[in-house]
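Student: This is the structure I want to talk about, given as structure tokens.
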Amino acid sequence: MAGVTTTVPNLADVIAKVMHREEALEIVFTDHTRVACDGPGGALGHPRTFYSLGDHGYAECGYCDRVFVYDPSRAGQQLEGAAALALAAAKAS
């Protein structure tokens, strides 16, 4: 992806764009600009799909709504529901 610069997005903005229901919100932080998702639950998940985080720094899975956010300082962390909302609120203040 020559010429594309990925920056760490504002988490509150990402959540505002993608959240359907608080209890269904799942954020996965990554230090990669390309990610793969095969859903939760192992064999009970969904077909593996690949996403590019591009210059906006996040991607939402079209099957399970999991959201991948580019943030190398939090890579490997996963937050759900209220915990994701609390982090976004803390970063905003």
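The values are calculated or read from the model by the stated rules, or taken from the named source; none is laboratory data. Please read these numbers as outputs of a predicted model, since none were measured by experiment. Heads up, the Cβs are rebuilt from the backbone with ideal geometry, glycines too, and the neighbour counts pull from every protein chain shown. Please note that ligands, DNA and RNA were not included when accessible areas were found on the heavy atoms of the full protein model with its side chains. Shrake-Rupley method; radii C 1.70, N 1.55, O 1.52, S 1.80 Å.
Student: Which residues, counting only those in region 59-92, are in a helix (DSSP H, G or I) and out of contact with any helix residue (DSSP H, G or I) (no Cβ under 6 Å at 6 or more places or on another chain)? Write out each step before concluding.
Tutor: Step one: list which residues in region 59-92 are in a helix (DSSP H, G or I), which gives 72-74, 81-92.
Matches in region 59-92: Pro72, Ser73, Arg74, Ala82, Ala83, Ala84, Leu85, Ala86, Leu87, Ala89, Ala90.
Student: Which count do you get for residues in region 46-58 that are in a loop (DSSP other than H, G, I, E, B) and open to solvent by less than 50 Å² (accessible area, probe 1.4 Å)?
Tutor: Filtering region 46-58 down to residues in a loop (DSSP other than H, G, I, E, B) leaves 46-48, 53, 57.
Now restrict to residues that are open to solvent by less than 50 Å² (accessible area, probe 1.4 Å): 46, 53, 57.
Number satisfying all stated conditions: 3.
Student: Here's something else I'd like to know. Considering each of Ala36, Ala24, Ala43, Ala83 in turn, give the residue that is farther than 14 Å from Pro9 by Cβ, among the aliphatic types (A, V, I, L, M), out of contact with any Ser or Thr (no Cβ under 6 Å at 6 or more places or on another chain) and open to solvent by 60 Å² or more (accessible area, probe 1.4 Å).
Tutor: Ala43
Student: All but one of (1) touching a residue at least 40 places away in the same chain (Cβ under 8 Å); (2) hydrophobic (A, V, I, L, M, F, W, C); (3) over 23 Å from Ala90 (Cβ atoms) hold for Ile27; which doesn't?
Tutor: Among (1) touching a residue at least 40 places away in the same chain (Cβ under 8 Å); (2) hydrophobic (A, V, I, L, M, F, W, C); (3) over 23 Å from Ala90 (Cβ atoms), the lone unmet condition for Ile27 is (3).
Student: To continue, here is another question. Any idea which of Gly45, Gly81, Gly76, Gly57 is modelled with pLDDT under 85 and at positive phi? Reasoning before the result, please.
Tutor: On the way: Gly45 fails: at positive phi; Gly76 fails: modelled with pLDDT under 85; Gly57 fails: modelled with pLDDT under 85.
Answer to the check: Gly81.
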